[in-house]
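Below is one structure, written out as structure tokens; the observations come after it.
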Amino acid sequence: MSEDKHKTEISNEETSHTPPPRRTKKKIRKLPFIIIIVVIAFAILIGYAVHGYNSGIQYAKNHGKTLKKHKFNGASKNDGKITIMVLGADKEQGGISRTDSIMIAQYDYIHKKMKMMSVMRDIYADIPGHGKHKINSAYSIGGPELLRQTLKKNLDIDPEYYAILDFTGFEKMIDELEPNGVPIDVEKNMSANIGVSLKKGEHKLNGKELLGYARFRHDAEGDFGRVRRQQQVMQTLKKQLVSPGTLPKLPKVAGILRGYLNTNMPDSALIQSGMNFGLRGDKDVESKTLPLQNTYQDYQSPTDGSALQIDKATNKKAAKKFLDN
């Protein structure tokens, strides 16, 4: 009798733990509807992003922006990193365009690290086939390819891609991203040769003002101060781009940027890099400036005026360590 009773209790226990079959059927019936809703929501999101991106590109075309392709022989290293020579360029005058800033941006897909290295435009350099001049003269003489060769020869930096953003595109991108201005702590009163007048203190700067802040160099620091402010602006924009309030604007901002960005990077690499950049959240971008402190001296060039004569061996080693580590 006790054995039969024990079997009955086990049977009742198993029965009590078996989920009702009706609930399972209801869940199965609901599953297709949930999948359909997710697919529709995803499609709407993709459609919104594509529409915003295309409208940004069309905006650049409507404002007369056409992109000129350049020869560039940067070799892909297949090392899990992408290295880009990023240039800020003035409008062409008489067929010649100048670069006001030279940066080397690198993203490491394996270790999820982003780096930004500024190269001072006043470095006195050997420009292949053209003698010695300030390093930014290479761009005016032979475009991004000659500048790549010059970076390789003088600093052992060999970027895979180039990206040239003209200043008008920068202004338009900022005004679309933050119509009320980007918050910046302006370190001093500024006005000389930047087209705007800025006052010291915390301000929200529109595109033209932010560009002027990044380009100012008429003080005792000269190009060193400008490079430092350019890095400050880049760090600030990085935070603005990944903030929740700006996320809905990003597709159009990306379209405007692409419409004004002259680059040999394929769109797939641009999208992948942009997504990885966004997913980093508030992580800092590592930065460095060349030449290093105490590795240069002021030099008065007979053709280019005031320049920087650098210790090439030390700066080559520093560039390699920064980008290869």
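The values are calculated or read from the model by the stated rules, or taken from the named source; none is laboratory data. Keep in mind the model is a prediction, meaning the values are calculated, not measured. Please note: Cβ atoms are built from the backbone with ideal geometry, for glycine as well, and neighbour counts cover all protein chains shown. Just the protein is used for accessible areas: all its heavy atoms, side chains included, with ligands, DNA and RNA removed. Shrake-Rupley method; radii C 1.70, N 1.55, O 1.52, S 1.80 Å.
For the stretch 111-165, the tally of residues that are acidic (Asp, Glu) and farther than 22 Å from Ser273 by Cα stands at 4. Looking only at residues in the stretch 35-72 that are in a loop (DSSP other than H, G, I, E, B) and open to solvent by 90 Å² or more (accessible area, probe 1.4 Å), the one that is farthest from Lys249 (Cα to Cα) is Lys71. Can you find even one residue in the stretch 183-194 that is farther than 26 Å from Arg121 by Cα, in contact with a helix residue (DSSP H, G or I) (Cβ under 8 Å, 6 or more places away or on another chain) and at pLDDT 85 or above? Yes, the stretch 183-194 has at least one match. Tell me, yes or no, whether the stretch 119-129 has at least one residue that is surrounded by fewer than 16 Cβ atoms within 10 Å (Cβ to Cβ) and out of contact with any Lys or Arg (no Cβ under 8 Å at 6 or more places or on another chain). Yes: the stretch 119-129 contains one or more residues that are surrounded by fewer than 16 Cβ atoms within 10 Å (Cβ to Cβ) and out of contact with any Lys or Arg (no Cβ under 8 Å at 6 or more places or on another chain). Only a single item in (1) open to solvent by 60 Å² or more (accessible area, probe 1.4 Å); (2) within 21 Å of Gly47 (Cα to Cα) is not met by Val253, and it is number (1).
Among the residues of the stretch 289-325, write down those that are open to solvent by 90 Å² or more (accessible area, probe 1.4 Å), not β-branched (Val, Ile, Thr) and not in a helix (DSSP H, G or I). Listed by number, the residues that qualify are Gln293, Asn294, Gln297, Asp298, Gln300, Pro302, Asn325.
Are any of the residues in the stretch 248-260 over 26 Å from Lys153 (Cα atoms), assigned to a loop (DSSP other than H, G, I, E, B) and at pLDDT below 85? Before you say what the answer is, go through the steps one by one.
In the first step, residues of the stretch 248-260 are kept if they are over 26 Å from Lys153 (Cα atoms); the result is 248-260.
Of the ones still in play, those that are also assigned to a loop (DSSP other than H, G, I, E, B) are none.
Checking the stretch 248-260: not a single residue is over 26 Å from Lys153 (Cα atoms), assigned to a loop (DSSP other than H, G, I, E, B) and at pLDDT below 85.
May I ask you to say which residue of Asp126, Asp158 is in a strand (DSSP E or B) and over 26 Å from Phe216 (Cα atoms)?
Working: Asp158 fails: in a strand (DSSP E or B).
After ruling out the rest, the residue left standing is Asp126.
Contact annotation: residue pairs with Cβ atoms under 9 Å, 6 or more positions apart or on different chains, pairing a residue in the stretch 244-262 that is closer than 7 Å to Tyr53 by Cβ with a partner that is β-branched (Val, Ile, Thr) and open to solvent by less than 50 Å² (accessible area, probe 1.4 Å), are Gly255/Ile57.
Among the residues of the stretch 99-113, is any of a type in the set (Asp, Glu) and part of a helix (DSSP H, G or I)?
Of the residues in the stretch 99-113, the ones of a type in the set (Asp, Glu) are 100, 108.
Filter again for part of a helix (DSSP H, G or I), leaving none.
So far as the stretch 99-113 goes, no, none of its residues is of a type in the set (Asp, Glu) and part of a helix (DSSP H, G or I).
When Val242 is tested against the conditions (1) aliphatic (A, V, I, L, M); (2) closer than 15 Å to Leu165 by Cβ; (3) open to solvent by 30 Å² or more (accessible area, probe 1.4 Å); (4) touching a helix residue (DSSP H, G or I) at 6+ places or on another chain (Cβ under 7 Å), the lone failure is (2).
Determine which member of the set Glu145, Glu171 is at pLDDT 90 or above and under 30 Å from Lys320 (Cβ atoms). Don't jump to the end; show me each part of the working.
Details: Glu171 fails: under 30 Å from Lys320 (Cβ atoms).
Result: Glu145 is the single residue among Glu145, Glu171 that is at pLDDT 90 or above and under 30 Å from Lys320 (Cβ atoms).
Taking the stretch 188-245 as the range and being of a type in the set (Lys, Arg) and farther than 17 Å from Leu177 by Cα as the test, the residues that pass are Lys188, Lys199, Lys200, Arg215, Arg217, Arg226, Arg228, Arg229.
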